[in-house]
Amino acid sequence: MGRKILFITTDQQRYDTLGCNGGSIARTPVIDAIAAQGVRYERAHPQSVVCMPSRSTIITGQHVSTHGVWMNGVPLPEDAPSVAQVLQDAGYRTAIIGKPHFEPFLDPFARFAENGFASKGTFGPHRGFEHFESATHGAAGPLHYARWLLSNHPEAVGMFYPVLDSSLEVNAMGGGDTGAPQAWANHIPREWYHTDWVADRTISWLDSLPADDDWFCWMSFPDPHHPWDPPSSEVGRIDWKDVPLPAGYIEDAAEREAVLDAKPHHYRAWYDGRLVSNYEAPAAWVPATLTADQLREVTALNAVECELIDEAVGRVLAAFRARGWDDDVDIVFTTDHGELGGDFGLLFKGPYHVDGLMRLPLIWRPAPSSGVAPAVVSKPVAHLDLAPTFCAIAGLPAAPWMEGRALPVDDADADARGFERVLTEWDSELFGVGVHVRTITRDGWVCTTYLPGSVHDGTEGELYSLADDPLQRENRWNDPSLAALRSDLLADLWDHQPPMKSPLPDVEAPV
Amino acid sequence: MYGTMRYEIRIQRPAADVWALAGDASKLHHWFPGIKDCTVDGNQRTIVTNSGIPMPEEILVCDNTQRRFQYQLKVPMFRHHRGTIDVIDLHDDTCLVVYSTEADPRAMALVIGGGTHEALHELKRQMEAATTQEGTH
């Protein structure tokens, strides 16, 4: 019997929403306790700041350019490498429960396997997972949670916020108390909400396993990704009127707009409603209209969703502790990407490689039986490193196609093994608007270059000191005193950036 | 503004052979993955997707000379739709097939376009497999 692996992901969760990372709004005692027992990473970055590319990196252990899922709507090929397959081949029982999103959701022709299991009453196998039980942000669509809700609680189906509008665009409709986009009063009972459903189904699957089996369970919560529509019964936990504005939000409009104007010009163009570069934010919503109260309410609802996740994780931990497994279970907690969360007056996500989207919560509590001491790692690590970490936990070598390394257990380990840079990339092509971004984070700097496209001419970029400017308000791309540093960072980026997969896979759906 | 998508594929078969299948309105479900049935009544066609959704269409153009087929989905959520299949003779016993979609709401161009892309690959597979079989015989 070896070590078992509980891999917990959330969707679009900011680093600063956890108490262990300095968050003060959501109470997250369960995850904070996991962090205290394990290794907490202060500078973990994704290789993409949107769902499908990022999740494809997690499962393959590859850069976006290598696996080729360059934007939402590009399906990960069914025969793509999968760390779940590696573990299953080694004898692990494997499951993913919750949001997968390796294949597009919008699928009227039912072409993608991920969308076909629930209607057939089956649960995989798929991508190395013997059990594949799926959910997303609401009650629409072909996934298991939606079918379960429709079958068991049809009256609740209409309670969720309509994520897409009648034009199939991300909905800009305001709700809640302030009219904030994607805020909503969802009167669904808590026990029917997808967060608790994901935990319930995870517990059920774990309960089905013999005590001696090794297992890899990816528990994938759809929250706190918008819509911000947690069960109404829970909203009173946090009164949005008492919520402080995020540190990244600049209250004075003139000051905020001056900061935006010092960044590449697509920031201000989106803020003013002159540019929609990607599908992941409401096309009809203009960030400049965001009010301080709307941001307070969104922040509060987001925090409620984080608390529900924390409590759901606690139930799962209690369940496997009751099986006597805790000493041999590794727990890894992270998210696929962040959320702008009001930084610079922006919400949602897009081609903006700043901490709101790139700095991730990442915690690894090695199995207590492994004897790894608690630590905090400040060196840069990446989603790329998760798949090799799972292999290492299982006593397996990293597969040759994996491009990362097992996570370091402390900074000395990181230094010894040369964890010094992470790369993040963005490519989008949406109805004639093309944006192409490459970023390196290294030596306490974040350096981003915008490649020529329909929006940028190839001369713009961003350069921030993480130590001196943690909110990334001062873009030093054009600072003459940093020209050599900028050149060095870009040279290092291009030395390590894999070439894009060829031929380039096509976008086959919006999301 | 409309959303538009366009995919193309080169097929190692003469244009006339490819058009015989691609231009036959009643045979779309033979080569479009995700469409399980297709019935034609005059210029009205109804397709049924794998997920069981029936979608009525109006056939706008079926030009055997230009080898162009155009149709319009008549589904309420579309404010506009136009699908166009062109089979272009490359005069070397091969052809280029172009499948274009324009739609309002624009997001539907991506949703439908993804299906057309896979359909072109299936059309090529079937047509070139037929070539192989003929060669074998």
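What to note about this one:
- Backbone amide hydrogens, once placed in the peptide plane, bring residue B:37 within less than 5 Å of B:48, excluding anything fewer than 5 places away on its chain.
- Relative compactness, segment B:1-88, computed as alpha-carbon Rg over 2.2 N^0.38 Å: 1.10
- Per-peptide average of other Cβ atoms within 10 Å, ordering B:27-35, A:402-410 highest first: A:402-410, B:27-35
- Kirkwood-based Rg to Rh ratio, segment A:148-222, C-alpha trace: 1.12
- Per-residue mean of foreign Cβ neighbours for B:21-30 is 0 (Cβ atoms of other chains, 10 Å radius).
- Take every pair of alpha-carbon atoms less than 8 Å apart whose residues are at least six positions apart; their mean separation over the length of segment B:50-137 yields a relative contact order of 17 percent.
- Ranking B:79, B:68 by solvent-accessible area of protein heavy atoms (1.4 Å probe, all protein chains present), from largest to smallest, gives B:79, B:68.
- Candidates per trypsin sites (Lys or Arg not before Pro) in segment A:95-131, loop by DSSP, up to 12 other Cβ within 10 Å: none
- Sequence of B:1, A:1 when ordered by accessible area, the most exposed leading, probe 1.4 angstrom: B:1, A:1
- Listed values for segment A:103-108 are Karplus-derived 3J(HN,Hα) couplings in whole Hz (6.51 cos²θ - 1.76 cosθ + 1.60, θ = phi - 60°), namely 9, x, 6, 7, 8, x, and x replaces Gly and Pro.
- Protection proxy ranking of A:502-509, A:219-226, B:95-102 - average other beta-carbon atoms within 10 Å, highest first: A:219-226, B:95-102, A:502-509
- Legend: mean number of C-beta atoms from other chains within 10 angstrom of residue C-beta atoms, peptide B:108-121, equals 5.
- Span-like helix criteria (full DSSP H runs; alpha carbon extent of at least 30 Å along the helix axis; mean Kyte-Doolittle hydropathy of at least -1.0) are satisfied in chain A by A:292-322.
- 3J(HN,Hα) from dihedral phi, segment B:69-74, Karplus parametrisation 6.51/-1.76/1.60, rounded to Hz, x for glycine, proline: 10, 10, 8, 9, 5, 10
- Near the amide H of residue B:44, within less than 5 Å, lie the amide hydrogens of B:59, all on another chain or at least 5 residues away, with H placed in the peptide plane.
- Fraction of accessible area attributable to carbon and sulfur, segment A:4-496 (%, probe 1.4 Å): 52 percent
- Taking all protein chains together and rolling a 1.4 Å probe, residue A:242 ends up with roughly 120 Å² accessible.
- Our note on the geometry: Cα centres of segment A:365-406 and segment A:83-123, 24 Å apart.
- Using a probe of 1.4 Å, the accessible surface attributed to residue B:40 totals some 70 Å² when neighbouring protein chains are kept in position.
- Pairs from B:36/B:74; A:99/A:263; A:120/A:349; B:74/B:124; A:241/A:379; B:27/B:74 whose Cα-Cα separation, in the structure shown, is over 25 Å: A:99/A:263; A:120/A:349; B:74/B:124; A:241/A:379
- Other protein chain C-beta atoms within 10 Å of residue C-beta, averaged over A:103-109: 6.
- Restricting the chymotrypsin sites (Phe, Trp or Tyr not before Pro) of segment A:336-435 to loop positions (DSSP other than H, G, I, E, B) with no more than 16 neighbouring Cβ atoms within 10 Å leaves A:401, A:431.
- Relative contact order %, chain A, counting alpha carbon pairs below 8 Å whose residues are six or more apart: 25 percent
- Only protein heavy atoms count here; on that basis, with a 1.4 Å probe, residue A:233 has an accessible area of about 90 Å².
- DSSP-assigned coil residues among trypsin sites (Lys or Arg not before Pro) in segment A:171-265, each with at most 14 further Cβ atoms within 10 Å: A:237
- Estimated buried accessible area (total), pair A and B, 1.4 Å, Å² to nearest 100: 1900 Å²
- Rounded to the nearest 500, the 222 nm mean residue ellipticity of chain A from helices alone is -8000 deg cm²/dmol, with -39,500 (n - 2.57) taken per DSSP H run of at least 4 residues.
- Within chain A, percent of DSSP bridges classed antiparallel, to nearest 5: 55 percent
- Kirkwood Rh in Å, taken over all unlike Cα pairs in chain A: 22.8 Å
- Going by accessible surface with a 1.4 Å probe and the largest first, A:448, B:132, A:299 read B:132, A:299, A:448.
- Ordering A:40-49, A:65-74 by mean Cβ neighbour count within 10 Å, with the highest value first, yields A:40-49, A:65-74.
The values are calculated or read from the model by the stated rules, or taken from the named source; none is laboratory data. Remember, it's a predicted structure, so these values are computed and weren't measured experimentally. Cβ coordinates were reconstructed from backbone atoms using ideal geometry, including for glycine residues, and neighbour counts include every protein chain displayed. The area values use the complete protein model at the heavy-atom level, side chains included, leaving out ligands, DNA and RNA. Shrake-Rupley method; radii C 1.70, N 1.55, O 1.52, S 1.80 Å.
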